[in-house]
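The structure appears right after this line, and notes come after that.
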Amino acid sequence: MSETYPPPAAAGGSTIRLENVGTTFTVAGGSFTAVDDVSLTIPGGSIQGIIGFSGAGKSTLLRNINLLERPTSGRVWVDGEDLTALDDRALRRRRHGIGMIFQHFNLLNNLTAAQNVELSLKFAGVPGPERRRRAAEALDVVDLADKAGTYPAKLSGGQKQRVAIARALATNPKVLLCDEPTSAVDPRTTASVLQYLTDVNREFGITVVLVTHEMNVVKAIADNVAVMESGRVVEQFDLTELARPGFAPATAIGRYLVSDDVELDRPKVRAAAPAAAQAVAGV
Ligand SMILES: Nc1ncnc2c1ncn2[C@@H]1O[C@H](COP(=O)(O)OP(=O)(O)OP(=O)(O)O)[C@@H](O)[C@H]1O
Ligand SMILES: [Mg+2]
């Protein structure tokens, strides 16, 4: 394997290559394999869905990408650099290029929206005045400039998630890791959050990796999907495949997840992102 594999992304987003990644936890009475020999390439600038039932290993795999959970086997390449080979200092630096957002937003309640966003810049060593400027810019991207001085308790769920997106964007990342970003918000807010994720992907070319258990979320914005079961990626396909007559996922779980869209009021063909995101909310 060459040191420069895979090639750097042409667009603004990083190409990610997971190579035989495994994560085994030590548990009472033995060990438990949460991620089992996963190999996956995520092209720079794409939106990659990772879907599966609870306990499938989705969050662990996502955390393997920035080594928040260091894999026990395999390698993680980001733009041709093997993150698993870096020392702690170099890894910390690389992590500034990988933003992350979570189901429950993870905002600090005693800080305003702007201060929450500034925090990621502070960790990145950005000086004060520059921090304030970039935090304001990031809040502007998610249309929350007017909420800069507001504390999380006075923000809606969707606004909190947008602050979290701004916080993740403030360090100009090339990758945005999203762990169930819409499962704590209502369907209309889901559409709004997905819209912002699509916008940052399109405008800045950021590679988005989106973990969810909802296929309608994947269908709305992802380019490709990986289906996980018992720690393994059991199949992957391009979302445009869904429009191909006769296409059916290869695995039973893939077929189940694809058919599990009874609440949707939209065609199965992946439309342009704004319409698709609205369709998730049924608006
Ligand atoms: N630190 C840990 N120690 C032991 N087991 C763990 C640890 N973290 C996760 N697991 C186990 O690994 C499996 C996969 O967990 P993970 O959180 O990755 O699943 P998930 O697909 O994200 O599930 P959910 O949809 O419920 O969030 C689960 O059985 C979980 O209990
Ligand atoms: Mg999870």
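The values are calculated or read from the model by the stated rules, or taken from the named source; none is laboratory data. Because the structure is predicted, anything quoted here is derived from the model rather than measured. Note that each Cβ is placed from the backbone with ideal geometry, even for glycine, and that neighbours are counted across all protein chains shown.
Here are some notes:
- Residue in segment 175-190 that is closer than 17 Å to residue 42 by Cβ, more than 16 Å from ligand 2 (Cβ to nearest atom), at pLDDT 90 or above and β-branched (Val, Ile, Thr) present: yes
- Residues (closer than 25 Å to residue 213 by Cβ, in a helix (DSSP H, G or I) and over 16 Å from the mean Cα position of the chain (by Cα)) located in segment 153-179: 157, 158, 159, 160
- The residues of segment 121-143 that are of a type outside the set (D, E, K, R) and within 18 Å of residue 204 (Cα to Cα), listed by number, are 135, 136, 138, 139, 141, 142.
- Criterion (within 16 Å of ligand 2 (Cβ to nearest atom) and surrounded by fewer than 22 Cβ atoms within 10 Å (Cβ to Cβ)) met by exactly one of 39, 54: 54
- One residue stands out among those in segment 101-130 that are farther than 16 Å from residue 159 by Cβ and small (Gly, Ala, Ser): the one that is surrounded by the most Cβ atoms within 10 Å (Cβ to Cβ), which is 120.
- Of all residues making up segment 212-236, the number that are outside any loop (DSSP other than H, G, I, E, B) and closer than 15 Å to residue 38 by Cα: 10
- Boolean, residue 16 is surrounded by 16 or more Cβ atoms within 10 Å (Cβ to Cβ), closer than 25 Å to residue 251 by Cα and either more than 16 Å from ligand 1 (Cβ to nearest atom) or modelled with pLDDT under 95 (or both): yes
- Subset of segment 74-100 that is within 18 Å of residue 176 (Cα to Cα) and β-branched (Val, Ile, Thr) - its residue that is surrounded by the most Cβ atoms within 10 Å (Cβ to Cβ): 78
- Residues that are over 18 Å from residue 169 (Cα atoms) and within 16 Å of ligand 1 (Cβ to nearest atom) number at least 1 in the following helices (runs of 4 or more DSSP H) confined to segment 46-146: 58-65.
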